[in-house]
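Here's the structure, in structure tokens; my notes come after.
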Amino acid sequence: MSPRTKPPAVVAELGRPETPEETAARKAENSANHRNRQTINNLVYSLIATLALVAVIVLVVPRGNPSATRPAVDYAAAAQQAQGSEPDPLLVPKLPSGWTSNNAELRTKTADRVDSWYIGLITPKQQFIGVTQGFGANDSWVSDQVAKSVITGTRDIDGIRWDVYDHRASGSDDGNVDYALVAHAGDSTVILSGTADDTEFRTVASSLVGQIHSLGGGK
């Protein structure tokens, strides 16, 4: 006597047993749903891991003023190496402690055909002043150095007369040339430009007075 065959289970939604085709379709749908859930879970886990990695990087990598992490440039040594290559001696400001430099270079063979000695200074208040000494410069070159702004007055600092280009209150975007001082001595045109306040500009200008006088500059 053969064993009794168990009848197919009745599916509640259908009110009858499934056909082989319906069973295959249901299993395929369940498999697809399972894969979709796994994909979503994997995406969530990956996002959490990425955010955790970013948090670790933010905590570990030091932050602060970028200029403070770079070694200071010895502009006096750079000037000494380049002295004698231009008609006038290269200016070297002698500044108190707290001042640093992020750049110093003699710029030659430029498109404007004006050689210049440049020093980038970082002030104790973390502002910027650039010292540019152009040799045989013309009005067009000066205009380019002061972002094509106009003279707003003159200023006497220890016997040296400077043309003033002050556009700090205008709200215009002049890059790093919010304020500039321009003086002429010998074959040199000296430009101080940057974002610092009047006191810090005066400190740099005063440090150059003796050297500018020696070039023939003054009132």
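A short reminder: the numbers here are calculations on the coordinates, not readings from a lab. Given the structure is predicted, the values throughout are model-derived calculations rather than measurements. In this analysis, Cβ positions are derived from the backbone assuming ideal geometry, glycine residues included, and neighbour counts consider all displayed protein chains.
Principal axis extents for region 67-108, Cα atoms only, whole Å, descending order, please.
Sorted from largest, the Cα extents of region 67-108 read 34, 21, 12 Å.
Would you please give the residues with an amide H less than 5 Å from that of ASN103, counting only those at least 5 places away or on a separate chain, with H modeled from the backbone geometry?
Excluding prolines and chain starts, which carry no amide H, the hits are VAL73, GLY120.
Which aspartates and glutamates have a Cα lying under 18 Å from the Cα of LYS27, excluding residues fewer than 8 positions away in the same chain?
Leaving aside aspartates and glutamates fewer than 8 places away in the same chain, those within reach of LYS27 are GLU13, GLU18.
Below 9 angstrom from the Cβ of ALA183, what's the summed charge of the other residues (Lys, Arg +1; Asp, Glu -1)?
Taking every other residue near ALA183 into account, the sum is 0.
Hey, how many Å between the Cα centroid of region 101-157 and the Cα centroid of region 69-90?
Each part's Cα centre sits 15 Å from the other's.
Residues with beta-carbon under 13 Å from that of ILE151, excluding ILE151: net charge, scoring Lys, Arg +1 and Asp, Glu -1?
Net local charge, ILE151 excluded: 0.
Please list the radius of gyration and Dmax for region 67-219, considering alpha-carbon atoms only, with Å as the unit.
For region 67-219, the Cα radius of gyration and maximum Cα-Cα distance read 14.5, 41 Å.
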